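First comes the structure, then the notes that go with it.
The values are calculated or read from the model by the stated rules, or taken from the named source; none is laboratory data. Computed from a predicted structure; not experimentally measured. Please note: Cβ atoms are built from the backbone with ideal geometry, for glycine as well, and neighbour counts cover all protein chains shown.
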Ligand code: AMP
Ligand code: GLY
């Protein structure tokens, strides 16, 4: 079966790799030459994924069974509608469905309308006067968000990205003059973030392993928000700080949102991804995305059992998933992105990275290329976005993290990265953070923790050492 993959990042490289491993013939529409996709693809179209015409023509000419749209921009522009109108089934929602991501206001209002009580306090604003009034009245610290797409980089959090309410107001007003969609002011949530992705189609909503993304640019969560510097998942598909109950509560929000979209007349076939904060009030929703997370999708795809990934996605595109194809290995996984120096605010493009792929693969780590172009054998030229994703796995998170570090040592050239993704110290810090939040006043005592063991019945508890690996 032939499958079209749309997009040219590391997430799309991982999607194409997963399809290729399950014996699909992959064809690719990427805006630029791509060292990974070009190797896998039986045919390629250089195209801006938001320009539907040439893409639809390519899909028809290639006789693809279905298409997978990786990034949010073509979904928001209605590429899935154009493909479906030409009778090409798609993994990815219509323009109407993609509003769940492309308009944060639509998302919040949908949840309110359908009584899905997972939102922080929020107010949608469209004029400077409304900003002043809302900031004046807002109880406590807040977050300023552009309503539209900003690749994860437009959200400013009080105390992190701006100090005083008046600075937040100034930023909100600046956003109002620069974009047409308006801004949201949201209550600042305190907690740990986690990503719940699910396949959504006519036959149901099917969860994937939960992943934690590292949004801030610098080690120790310093620096500005990014598209995501790395991510990890745990072998039981929970997280060290996330109980099965909290995961189920978050998944319930995803399921109910899928049902809400359907009741609005939107036949959603694609991935629905809830970005949650685990707070003292339980999991609250920060945003929905209409696609695989980047990097979170890379964790999940790399954990897919050797088998029929193409059949699983085919089910999503055609409306009926075979649940026996939902097979993710019980392993921990860690992704670390190598990014251009200065990313995200002022990335230096044009640098060369020498990537020892055979050496990296020999460590059991995979390389997925992001915004880079081929520059000769084993060399890539870096652009302004995230460059190279390295994904490793092991039975424990910290061990997978070490493997990726060893792989990163086999990349030469100038890059920035977060070596702390999935490191023992970092994950312990996050776990302790949640423990303090959920039981204020408790004394720190990191072990043992109530973390479900993958090979034990769900009600029994394991220790952190079992999921993290030895110190
Ligand atoms: P979003 O694009 O809405 O997911 O926001 C990007 C990032 O901003 C999130 O991953 C969080 O790190 C942060 N963020 C978003 N909303 C909130 C909130 N209400 N409280 C605290 N941090 C937030
Ligand atoms: N990693 C965050 C995102 O994919 O939006």
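Is there a residue in segment 337-348 that is surrounded by fewer than 18 Cβ atoms within 10 Å (Cβ to Cβ) and at positive phi?
For segment 337-348, residues surrounded by fewer than 18 Cβ atoms within 10 Å (Cβ to Cβ) and at positive phi: present.
Go through (1) away from ligand 1 (no atom under 14 Å from the Cβ); (2) at pLDDT below 95 one by one and return the number of the condition residue 124 breaks.
Going through the list (1) away from ligand 1 (no atom under 14 Å from the Cβ); (2) at pLDDT below 95, residue 124 breaks only (1).
Return yes when residue 269 is under 20 Å from residue 145 (Cβ atoms) and either in contact with a helix residue (DSSP H, G or I) (Cβ under 7 Å, 6 or more places away or on another chain) or within 16 Å of ligand 2 (Cβ to nearest atom) (or both) and no when it is not.
It is false that residue 269 is under 20 Å from residue 145 (Cβ atoms) and either in contact with a helix residue (DSSP H, G or I) (Cβ under 7 Å, 6 or more places away or on another chain) or within 16 Å of ligand 2 (Cβ to nearest atom) (or both).
Just to be sure before I move on: is residue 208 farther than 23 Å from residue 438 by Cβ, buried (at least 23 other Cβ atoms within 10 Å of the Cβ) and within 16 Å of ligand 1 (Cβ to nearest atom) in the structure I sent?
no
When the residues of segment 95-121 are filtered to those that are under 19 Å from residue 172 (Cα atoms), out of contact with any helix residue (DSSP H, G or I) (no Cβ under 7 Å at 6 or more places or on another chain) and in a helix (DSSP H, G or I), which remaining residue is nearest to ligand 1 (Cβ to nearest atom)?
104
Quick check on residue 278: is it in contact with a strand residue (DSSP E or B) (Cβ under 6 Å, 6 or more places away or on another chain), away from ligand 2 (no atom under 16 Å from the Cβ) and more than 24 Å from residue 320 (Cα to Cα)?
yes
Of all residues in segment 293-336, which are modelled with pLDDT under 95 and either on the phi > 0 side of the Ramachandran plot or within 16 Å of ligand 1 (Cβ to nearest atom) (or both)?
307
Only one of 300, 316 is touching a residue at least 24 places away in the same chain (Cβ under 8 Å) and more than 15 Å from the chain's Cα centre (by Cα). Can you tell me which?
316
Residue under question is residue 189, and the condition is that it be in a loop (DSSP other than H, G, I, E, B) and surrounded by fewer than 24 Cβ atoms within 10 Å (Cβ to Cβ); does it hold?
Yes; evaluated as a whole, the condition is true for this residue.
Could you please find all residues in segment 206-222 being within 13 Å of residue 417 (Cβ to Cβ), more than 14 Å from ligand 2 (Cβ to nearest atom) and touching a strand residue (DSSP E or B) at 6+ places or on another chain (Cβ under 9 Å)?
Matches in segment 206-222: 218 only.
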